[in-house]
Amino acid sequence: MKKTINIQGTLLDLSVPRVMGIINITPDSFYAASRRQFEEGIIERCRQIIEEGGSMIDIGAQSTTPFSTFLSAKEEAERLMPALKSIRREFPRAILSVDTFYADVAKQAVEEYGVDIINDISGGQIDERMFPVVAQLQVPYVLMHMRGVPQTMQQFTDYADFIQEILYYFSERKAKLNLLGVNDVIIDPGFGFSKTLSQNYELMAYLKYFHIFEEPILVGISRKSMIYRLLGTSPEESLNGTTVLNTMALLSGAGILRVHDVKEAVECVKIVGKITEFDQ
């Protein structure tokens with residue numbers, strides 16, 4: 001399996017899994033503690049991610065919950081670009097990922113602010129220009145599985161063969177990206193997107209199947225409803241469940257953990273890494 005991604009001409013080693021810290025520049029993301037709308041808070045959050053051992057910072061200006069407001073590309077850019085400008089000024093060497101499904105937003109973020117990774121929850125389905133633009137930009141691309149759009153995704157949870165259909169989705173879309181010349185594809189199975197509670201756990205149980213693509217796997221389950229709905233709690237009470245699932249993901253070969261709680265995820269990587277030293 002591929003253990004590196006190309007970041008601005010330098011190979012980033014994923015043989016030891018990396019932690020990607022989340023910043024939501026939104027008023028309506030599901031986990032309140034991740035929201036940052038003003039420059040001081042955004043800079044403070046970036047510093048926290050770096051100091052706690054995060055290797056990447058994932059910045060999103062559009063909430064992707066089923067109840068969120070759908071922003072246009074222009075509205076998203078107006079929220080995102082000032083934040084990127086501030087982050088780049090304070091942290092010029094930080095590895096930045098932008099969470100967007102708009103090609104124009106991706107293009108501006110990379111060309112004007114040196115963003116390193118594009119993280120597209122729609123897998124190029126919302127904006128059909130995304131694949132060609134990412135190929136032109138030559139940056140790593142997070143290819144996630146989702147049906148519909150965030151506001152409708154939970155209406156599309158019926159599958160004839162759940163795991164098989166998701167594997168086919170990645171096979172088809174990865175082939176398109178490779179034909180266009182995108183060399184660094186990161187697979188994100190899309191926990192919480194177009195999946196029932198039970199399907200999310202089935203996906204975790206079969207995560208190892210996704211190694212057939214020989215690409216790094218990103219897992220983002222941090223404080224999601226698959227945890228707090230199962231346990232009858234809340235996002236604020238879901239750190240323990242997050243750590244359990246991050247451990248399972250690491251044991252199944254995840255290369256990147258996308259999280260709200262960076263310190264705890266970094267500790268998880270260290271502990272699982274120590275155990276797996278004896279199981280080579």
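Overview of results
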item	result
Members of the range 139-161 found to be closer than 20 Å to residue 219 by Cα, of a type in the set (A, V, I, L, M) and in a loop (DSSP other than H, G, I, E, B), listed by number	139, 146, 149
All positions within the range 141-168 that are under 25 Å from residue 181 (Cβ atoms) and either in contact with a strand residue (DSSP E or B) (Cβ under 6 Å, 6 or more places away or on another chain) or among the β-branched types (Val, Ile, Thr) (or both)	141, 142, 143, 144, 166
Answer from 215, 236 - the residue that is touching a helix residue (DSSP H, G or I) at 6+ places or on another chain (Cβ under 9 Å) and modelled with pLDDT under 95	236
Among residues of the range 137-161, those that are over 29 Å from residue 95 (Cβ atoms) and surrounded by fewer than 19 Cβ atoms within 10 Å (Cβ to Cβ), counted	11
Set 170, 191: member being in contact with a Lys or Arg (Cβ under 7 Å, 6 or more places away or on another chain), aromatic (Phe, Trp, Tyr) and under 20 Å from residue 210 (Cβ atoms)	191
Any hit, the range 101-119, residues being in contact with a Phe, Trp or Tyr (Cβ under 6 Å, 6 or more places away or on another chain), at negative phi and surrounded by 19 or more Cβ atoms within 10 Å (Cβ to Cβ)	yes
Yes/no for residue 247 being surrounded by 21 or more Cβ atoms within 10 Å (Cβ to Cβ), in a helix (DSSP H, G or I) and either among the aliphatic types (A, V, I, L, M) or touching a residue at least 12 places away in the same chain (Cβ under 8 Å) (or both)	no
Verdict on residue 138 being of a type outside the set (Phe, Trp, Tyr), modelled with pLDDT of 95 or more and on the phi > 0 side of the Ramachandran plot	yes
Hits in the range 1-28 - residues which are among the basic types (Lys, Arg) and surrounded by 14 or more Cβ atoms within 10 Å (Cβ to Cβ)	2, 18
Conditions (1) among the acidic types (Asp, Glu); (2) assigned to a helix (DSSP H, G or I); (3) loosely packed, with under 15 Cβ neighbours inside 10 Å; number of the one not met by residue 128	(2)
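The values are calculated or read from the model by the stated rules, or taken from the named source; none is laboratory data. Quick caveat: nothing in here was measured; it's all calculated off a predicted structure. Don't worry about glycine lacking a Cβ; one is built from the backbone with ideal geometry, like all the others, and counts go over all protein chains shown.
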